[in-house]
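So the structure is just underneath, and the comments pick up after that.
The values are calculated or read from the model by the stated rules, or taken from the named source; none is laboratory data. Given the structure is predicted, the values throughout are model-derived calculations rather than measurements. No Cβ is skipped: glycine too gets one built from the backbone with ideal geometry, and neighbour counts run over all protein chains shown. Ligands, DNA and RNA are excluded from the accessible area calculation, which covers all protein heavy atoms including side chains. Shrake-Rupley method; radii C 1.70, N 1.55, O 1.52, S 1.80 Å.
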Amino acid sequence: MSTQYTFTDPTKLYADIDPKSQDQKEPGLDAELTPKAALGEDTYVGSERLKGRKALITGADSGIGAATAIAFAREGASVAMSYLPEEKVDADRIAGILREAGATVVQIPGDLREREYARTLVKEAVEGLGGLDIVVNNGGKQIFNEDVTTLSDEQFDDTFKTNVYAMFWICKEAVPHLAPGSTIINTTSIQAYSPAPILVDYASTKATINTFTKALGQQLAPKGIRVNAVAPGPIWTPLQVTDGQPDEKVDEFGEETPLGRMGQPAELAPAFVYLASAESSYVIGETLNVNGGMPTP
Ligand code: NAD
Ligand code: MG
């Protein structure tokens, strides 16, 4: 069986996953993605790198968040999962995989755009897991728009609420519970540095997340809490087929990278594991780019 430790030619790894144009209604489901994304279900092998840790992950039902949840559980962590109620089918499947790995799992569906949900999410995660020491802000919204004059105030607001405000609210609620050694990991994007003309609102939130991470990382370092970020490149997830890109672009998604292919959520999970684990003890305010080779500042 090949695992995340198996050496392969990275240009060939997952290169047979070749999606065609498709469209789903937001927020989209991994269950309906064709072909299926690789979440590490069949490949990720843990080695107790997060033994006994308690993690809250937003957007843990699908894509990068689900791959991270699987990796965390197999590394020995318990996981509180945040997602939208309409993603129950994805969330239940992932929860099953986490429980198979021996993890305690708490499912806390809700809407990240709502202030009150951030409060109850952190409270229920702490109660359900018996504490908290890893927070992964991964839930996100991306809807392409070609013309700023038609970019609705509502979309602009929703994108910032989901990607930026929720991260702030969750950090604010979580920090009082985080003991020294805890970590916060935010999810930014290649879009923070190379913004697409059709992602004005989304790309702006991702630049904000990078800067938020660097400022908060310095503020919390003296308390022994480390804040870092992961910046994915083009990754095969429901986000992309729910108008994250124009449908016809799905065919060529990821071909612009030096590796010449899109990435899979399973390739992101080890970056989150590293930043959550004690191995990254001297790493703070860093953005770990996982993007197939696209240059970043
Ligand atoms: P995804 O659709 O699998 O995950 C996004 C998740 O966000 C959803 O599953 C959903 O649970 C959550 N979410 C969205 N709106 C919400 C709301 N209002 N309330 C609660 N939850 C909500 O897609 P993904 O690509 O795995 O996205 C995960 C993160 O990765 C996002 O922050 C995204 O911006 C970032 N990212 C993705 C890519 C990519 O190419 N897929 C590239 C760069 C960054
Ligand atoms: Mg989802």
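Filtered by the rule that a residue be in contact (Cβ under 8 Å) with a residue 40 or more places away in the chain and more than 16 Å from ligand 1 (Cβ to nearest atom), segment 149-171 gives a lone residue, L151. Restricted to segment 11-54, and to residues that are among the polar types (S, T, N, Q) and more than 18 Å from D247 (Cα to Cα), which residue is surrounded by the most Cβ atoms within 10 Å (Cβ to Cβ)? Ranking the candidates gives T43 first. The residues of segment 217-250 that are among the hydrophobic types (A, V, I, L, M, F, W, C), in contact (Cβ under 8 Å) with a residue 60 or more places away in the chain and more than 16 Å from ligand 2 (Cβ to nearest atom), listed by number, are A221, V230, A231, V250.
Suppose we keep only residues that are more than 9 Å from ligand 2 (Cβ to nearest atom) and open to solvent by 10 Å² or more (accessible area, probe 1.4 Å) within segment 55-74. Which one would you say is farthest from F272 (Cα to Cα)? So, considering only residues that are more than 9 Å from ligand 2 (Cβ to nearest atom) and open to solvent by 10 Å² or more (accessible area, probe 1.4 Å), the one farthest from F272 (Cα to Cα) is R74.
Cβ separations smaller than 6 Å between residues 6+ apart or across chains give the following pairs from segment 274-297 residues that are open to solvent by less than 30 Å² (accessible area, probe 1.4 Å) to residues that are of a type in the set (K, R): S277/R49; G285/K214. Under the condition of being open to solvent by 50 Å² or more (accessible area, probe 1.4 Å) and touching a Phe, Trp or Tyr at 6+ places or on another chain (Cβ under 9 Å), which residue from segment 115-125 is farthest from C171 (Cα to Cα)? Checking each candidate, the answer is R115. Residue selection: T104 satisfies the criterion of being in contact (Cβ under 8 Å) with a residue 12 or more places away in the chain, open to solvent by 60 Å² or more (accessible area, probe 1.4 Å) and of a type outside the set (F, W, Y).
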